[in-house]
Structures are given as C-alpha cells and as structure tokens.
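The values are calculated or read from the model by the stated rules, or taken from the named source; none is laboratory data. Computed from a prediction, not measured in an experiment: that's the story for all the values here. Heads up, the Cβs are rebuilt from the backbone with ideal geometry, glycines too, and the neighbour counts pull from every protein chain shown. Just the protein is used for accessible areas: all its heavy atoms, side chains included, with ligands, DNA and RNA removed. Shrake-Rupley method; radii C 1.70, N 1.55, O 1.52, S 1.80 Å.
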Amino acid sequence: MNALPSPLILIGVGGAGAAMTRGVLRAFGFGGGIRALILDSDAQSGGNGDIPFSLLGGNRLAGRGTGGQPASARAAFQDDPSLLDPALTGVRTAVVVTALGGGTGGGATGELLKHLHTLGIATLLFATTPFAFEGDERIRVAKTAIGPIEQNADVSVFLPLDDLVAGAGSDNMKESLARAVDTLASGVTLLWRMLEKPGYIHLDAERLRNVISRCGRAQFSTATATGPARAEAVLASIAEHPLLRRDSSRPPVRTILVGVLAGDDLRLSEITAITSGLTAAYGPNAAIELGTVNDEATFSGRLSVVVLLFEESATRMPTTAAPAPNLNEGRAKVSERQALSGNSRFRNAEKTMWNDEDLDVPTYIRHQMTLDR
C-alpha cells in the first residue's frame, strides 16, 4: 500500500525563494524528508530538476523573469492559478519562503497565498525584506507587497535582512548571506524535524495546522548553546536577537511555539527553564505549544531552541476606544510603517492597487512627501 503524501509542503517563490528552499533542504540533512516546490517566472530557477518546479507566465514571459516588475508576476500567476494544483494533492499546510523587493516574490506571493486559501490550505510565510543599503525603491516595493500578503497568509513572518545577518561575526557578504539562510533554515526545518523525527513531546501535522490558523503576524528566532548552563545561555541569546523585538506597539502574543532539539542528554529541568523563561518574557497569557526532537547523531551535547511568537491578529483583538489624536503632531508625523503595515481600517478590505501602489494609502505617504505645518 502506497504511503500518503506529506500534508506539509515547502514552497519557494522567486529566485531568492528558490535559493532559500535549497538551503532549507541542505540544512535538513536526511533523505527526501521535505516535500518541496519552487515557483518562479525565471526558468533558470528550476535548476537541474532536483526540486519540482512550476514556471509562472510561460506564455506571457517565456521563462525570462519579470525584470523586477511585481505587476508582471501578479498577472502571470493570475493567468493560470490552477497550475500548482497537481503538486498540492493531500497538502494541509504550506510553508512559503520568499524575498520581497523584487519582481516575482513581491508580485506572485500574495496571489499564491490567496489561491492556497481557496483550497483550504493553511499557510505560514517567511519573507525577507531588503537590506537598508539596497535603497528606498526596493524597500518601497517590499512594503507594497506586505498588504496583500498579510490579507491572505494565516501567519506571516517578515525578516529584515539587516537583522537576519546580525551577529554573523563576519563582514564578508557571502558568509553573511549564508548565515541568513542558515538562520531561516533552522526555523523552517524545525517543523519537519518535529513531524519526521519526533522526540519525547510530539507536535503532529494537524496540531500545527490548528496553531497557525489565522494568527496574523509572527516573530521568529533561534539559538544554540552547549555546556552545563546551556538553557540559560539559549534564553539570553534569544532575548538579545534583533529578530525578536517586543514593545508596547506590538499586539500581545497569542501562542508561543517552541522547538527543542537535543541529544540524549536533554533534561526536564532544561525544558522547564526554557518554557517558563519564554512565557515570562513574551507571553504571560500565551499558550505554549512544545515539540522536542531527540537526535543524538546531530545534536549530541548541544541544545538548540527555535521560537515562533504568534501574535493576536487584529480581527481577534478586542476593540478599544482610541485616544483623541494630537493633530498638530499627527499631520507631520504619520508613520509610513504604520500606514503600510495592514493595521489600518483597510486591513480586511480588498486593496485598491494601481501600478503597484496601494491607493488606500495617502499620496503624501506613498511618495514620502512632507506636509508643511
């Protein structure tokens, strides 16, 4: 009798998404344990056929890519949304990896998430955003893509590349980017490790699906330590990592997903220290979802922890009366980040897009104009 296909799939969107997908598969380290798919408008991303590949816009773009135009990728996906359906048989949850700021990732990811939603597939998105040195235009394109993505993803994790490479210990570009892929891969592969190589506490596929369903935004971090005080060292490292920035402007944490990877020397006291420390720091009222991976061959003597903080979505949060605005300060200091974050009154409405611009956002914000007092 044939085994059922895995209910979990990894989908890389765009050239950078393809590279991240291959990095995740390398990091996973054993067999063909991850069901994966690459989606791009550039035929070269298909590589040597090592990973199933779907070409976007074959008739429209002829495999040449979008030239950095998100609108072209959006239209290419809309030409044939069912192109992916044969590869999605039996899928219940999709982990999508992409990079925003370019053409295919920025234009096709939102459409992909929308299509997956219509198929009843839960989605967890990891998306990198540009380095600061890449310039205002790429950052603007990335921010424009965030709205459609947040509308259609169950969970979205946005990872600024400047923060993702922090602490790399090297200024070398190749090594820094490799560090970014490794950090992302540690979080993504955790999900498969907990399903394929469970330890003492098992997180199954349906439980994972229920955890991520319609959560909204999430934050992510990972840390590894050795030695007698390794649990405390992991907690300290996570607290210092720029990917986990908690302040009063962020929604409360709804669920903390914790993955603990270790060898046979894992102690109950270490699990207690990690879960209680994370709860105290990030979510005193949050539910803890815990999975452990017992892998003596890979993690002997080491303790690795991966954390996903799932925030309360705006639709779940209670409505409270807003304080009266200070118009004298507000007109000059409206935050572009706030306006583009999806937390406005247009969050649950279809956005009005024209030439890759969100017309629901005021013109002076979209064009970075300063209003005179």
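Couple of notes before you dig in:
- Residue 4-residue 133 FRET efficiency (beta carbon distance; Förster radius 35 Å; 0.05 resolution): 0.15
- FRET efficiency, 1/(1 + (r/R0)^6) with R0 35 Å, evaluated for residue 246 and residue 268 via beta carbons: 0.80
- Residue-normalised accessible area of segment 101-178, expressed per residue, 1.4 Å probe, Å²: 36
- Taking amide H positions as modeled 1.01 Å from N, with prolines and chain starts lacking one, the residues under 5 Å from residue 40 and 5 or more places away or on another chain are 14, 54, 56.
- Local electrostatic count at residue 277 - Lys and Arg +1, Asp and Glu -1, tallied over other residues with Cβ under 12 Å: -2
- Cut-off 19 Å (backbone N to label point 7 Å along Cα→Cβ of residue 171), residues of segment 124-141: 131-134
- Solvent-accessible area, 1.4 Å probe, carbon plus sulfur percent, for segment 200-319: 52
- Solvent-accessible heavy-atom area per residue, rounded to whole Å², over segment 12-79 at 1.4 Å: 44
- Qualifying trypsin sites (Lys or Arg not before Pro) in segment 162-262, where qualification requires a DSSP coil assignment and no more than 13 other C-beta atoms within 10 Å, comprise 214, 245.
- Stretch gain in nm, segment residue 85-residue 294, where the contour uses 0.36 nm per residue and the Cα spacing is subtracted: 71.8 nm
- Difference of contour (0.36 nm per residue) and Cα-Cα distance, residue 201 to residue 43: 52.7 nm
- Nonpolar atom fraction for segment 32-129, defined as the carbon and sulfur part of the 1.4 Å probe accessible area, stands at 47 percent.
- Rounded if a/c under 1.5, otherwise prolate or oblate - segment 80-217, Cα gyration tensor axes: oblate
- Accessible area per residue in Å² at 1.4 Å probe, computed on segment 190-264: 42
- Global geometry of segment 200-258, whether rounded, prolate or oblate, following the gyration tensor of its Cα atoms and the 1.5 cut on a/c: oblate
- Classification of segment 1-109 by its C-alpha gyration tensor yields a prolate form. The axis ratio a/c (a ≥ b ≥ c) is 1.5 or more, and a/b outweighs b/c.
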